[in-house]
1. About its Cα centre, how strong a charge dipole does segment B:152-224 have in debye, to the nearest 20, once Lys and Arg get +1 and Asp and Glu get -1 at the Cβ?
2. Taking each residue of B:312-324 in turn, how many C-beta atoms of other protein chains fall within 10 Å of its C-beta, and what is the average?
3. With a 10 Å Cβ neighbour count serving as the proxy for reagent exposure, in which order, fewest first, do B:ASP227, A:ASP241, A:ASP401 appear?
4. Towards the positive end of the charge dipole of segment A:251-420, with charges on Cβ (+1 Lys, Arg; -1 Asp, Glu), say which of A:GLN268, A:GLY385, A:ALA252 has the farthest Cα.
5. Under 1.5 on a/c is rounded, so check that first for chain A, then, if it is not, pick prolate when a/b is larger than b/c and oblate when it is not; a ≥ b ≥ c are the square roots of the alpha carbon gyration tensor eigenvalues.
6. Counting only other residues whose beta carbon sits under 14 Å from that of A:ILE309, what net charge do I get with K and R as +1, D and E as -1?
7. If you rank A:ILE375, B:ILE486 by fewest surrounding Cβ atoms within 10 Å, what's the result?
8. Report, as an integer, the average count of C-beta atoms from other chains found within 10 Å of each Cβ along B:495-502.
Amino acid sequence: MDNGLIKFLKKIEPSKDKKMLHTLFDGFFTFAFTPNQTTKNGVHLRDGMDLKRTMIHVVIALQLCYLFGTYNIGHQHFYALGEFTGLFDGFHLKLTHGLVKMLPIFVVANVVGLGIEFFYAAKKGHPIEEGYIVTGALIPLIMPPDLPLWILAMSIVFAVILGKEAFGGTGMNIWNIALLARVFVFFAYPTTISGDDVWVSGIAKEGITYSTEYTMVHGWLDNLFSSFGWSVFGEGGVVIDGFSGATPLSLAVSGGWEAVTSQFTVSQMWWGLIPGSIGETCKPFIIFGALFLIITGIASWRVMLSMAIGCAVTGMLLNGWGATEYMDIPWYYHFYMGSFLFAMAFMATDPVTAASTNTGKWIYGFMAGMVGLIIRVINPAYPEGWMLAILFMNTLAPTIDFYVLDANMKRRARRAQVAA
Amino acid sequence: MISGLMIFSSVVYGQGAENASSFYTNLLIGTLGFVVIAVLLQLTDNLLLIEAKKTGADKTGRNFSIFPTIGEIFKKRLPARLDGEQVVRLDKGHDILVEGESLETVDSKVKANTFALQPPNYNGIKPIPKLVVQVGDSVKAGDELFYDKQNPDLKFVAPVSGEVIALNRKEKRAIKEVVILADKKQEFRTLPSIDLEESSREDLIAFMMEYGAFGMIRQRPYNVVVDHTVIPSNIFISTFDSAPLAPNLNFVIKGKEAAFAQGLKVLSKLTSGQVHLGLDGKSENSPSPAFVEAEGVEKTYFYGAHPAGNVGIQIHHTAPINANDTVWTLDVQAVATIGSMVADSKFDASRVVAIGGAVDNPTYANTYIGANIGELLKDNVSIEKPRYISGDILSGEQKQTEEFLNIFDDQISVVKEGDYYEMFGWLLPLSPRPSVSNTFPNFLFRDHKFEVDTNTHGEYRAFVVTGQYEKVLPMDIYPQHLLKSILVNDYERMEGLGLLEVVEEDLALCEFVCTSKQPIQKILREGLNTLREQ
């Protein structure tokens, strides 16, 4: 069966002169079939692992974050309205609301990003490289749910073209592409990604109160749900008293751990029933993904462990200093708030932008953990520090490697001197 | 000391109790006690280590510290036979288990009739050497066939007696092979007898150059033919081959023990340093007595997976190559040949060759250097699209049936060509395949022997994944950075990062594991060539 199909596909394969079409065809064909290339001289046997398989395993590790992130968009929305406050109450409404927000983000992120990848692959005449599979899966998870799609598209254009293609494509970039997209939004359109008003979806501030109004999609879905006799979105309404939309981090800035716990319990933060970027909130699922990556050997456990140590040590030092209420937050609670774990598991471990030597990875991870927590706690302008810390460490990674390699060279030179 | 500590602590404790903050006092005492004990232990430890270093006992690889190393707590114990030996433990590496390992019998029916000496096997000689025979000449085993034009004293000799039947050329008239049809009964050129005790190093060198022994020795860095004007700082021989389907050298050396011992004696006169033997520490059985009881050499056991048997790895861990060093390497059968040149006054190029992989009858064959591949594999291959490899599947060279085993190879591997498409092969591979990645369930079937093929399982990409080469290369080298320095022609970094310490076979496993399917051995050879030209 396969043979007939392959013969047919090979027959319709566009000629190599038509660069665009050929690249596109090749991209889809090699997705469906691993090609029939054989080894030349050199090794005659190759490991079953390739870049596609590497990348897809990161995407697999993200799946639970996707599931929970989508649901949590809906859950936060209704929680703010004071409706269906139980986790599984109004399950279908929360899920559909989440999907209505999530699907467009995912589609835009991947269509724009892959489109640029395809274009550059065709232009440069090389096969489509897999780097964007992971980037395209990460970007939706690190954005706020209500981000306007055109801003998302802009950020991806910026990140992929200036951050990656300008440097030569997959494997050549200096900064993590997903974070570059986020940092673009952060500095170009700060109101869409910071403050207290953006983390709960579908809720707009009108004067001093927050309220929500459903769009056509929801009305159309309501017809469907009511025909099943299920609960419906209805008209929307005003948000319950006391709602601020603040994340634990912004509460911590204003009033330390006390302010955080006045709004959220520790278990809420652990299970991720808090507002935040879409995929960052649920800690057990992120840890599951991280363990999956460590066990399969896809991501570096050195980076993850050293970053956790870096964050913990800095947290203890800040506890010792204790100049502000924020500094007094017990160091271990920093793992519960914000996106530390997500950044550690999926962002810092990007092999292209992290340090590439094993010793370098320890230093890189440790410093990322340290710098990130310092930004989080000490700098009031930025509520969260990992994005900036990792981008900063991406910049330093080649320098770290340089010194690790330099030490190796010096070791070798010294050995020669001793021998001589 | 301890009683003093107790008195001191009771005093402090007494004060603390009055203040009723006994927790901190206890903590203080505890910490102090811990520090004192730790300092004492550390002192003892250091003294022991210094003593061990003074007596030279630390070179046996045993742990003289009073603290166990992490390895001693978690890792497998070394076999008892290694007690008191010099052992190097290599944690990195990977054994690829491939179906079709040769059974330890010599199949007397497997015979080759034509043999060839191939100038391209010798790195560093001119592509067109000066031939001293013509087609139709008859030669004896040990007769000169050609010499290098740069160095006319470096002569290459016939492995068998017979008639020269062809001089095959490649592009630009470079000589590819000098083919000899072997006589039924082998005749040997009688070499002058040489007294090992009496003769000087110069005499020995001249003898070996003249009668072809240097055609079997390679010089590092660069893995090139020997430069006889340089005295090698050491000579290295690996007595086990850890590559997939590699011949068992303990079996191969059977019957040649005396010649091997003689060969070692010759070699030990040629170096300013020592002859180093690398022995297998991992297999359950002790290696052949020829290796274990070898005299006048430095023996080191290597405990670890492939590439532990590569002589390059062994050099790195015994006496690493420094800038301006040269070392020689050769394999055990070549040592035996050199031994018989001195002991029996003849050039005995007989080789036991392993035939393995996708063949019907994986076995060993008695033959000579440079045997014809098709003849050795006659009636033994029934798969549809075979690929014949001279050497192992990681660093060997693809050959056709009418071609010949390379001079330095003692195995033929046969594998299936893998020119098939595989539906979602990257995502859901259906057939088992060797891999170091835990994304495959291979770690559940550690003893499974794979039927392998030559499919690349993916396409060529830029370097993306980091740290994967380091996992399989037990050397203090950063392969990825070394390769990048070669790609950008940075000579200083190439040398600094240890290019001189490796040759293709040492990084072959890195090429196998490479996610981006980079041609690592090719890049490395280019680097070695450019650096050599400098």
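Values in this text are rule-based calculations from the coordinates and carry no lab data. These numbers were taken from a predicted model, which means no experiment stands behind them. For neighbour counting, all protein chains shown are included, and Cβ atoms are generated from backbone atoms with ideal geometry for every residue, glycine included.
1. Its charge dipole is roughly 720 debye.
2. 2
3. If I rank by nearby Cβ atoms, fewest first, I get A:ASP241, B:ASP227, A:ASP401.
4. Comparing the listed Cα positions along the dipole, A:GLY385 ranks first.
5. Oblate, because a/c is 1.5 or more while a/b does not exceed b/c.
6. +2
7. Ranked by crowding around the Cβ, least crowded first: A:ILE375, B:ILE486.
8. 3
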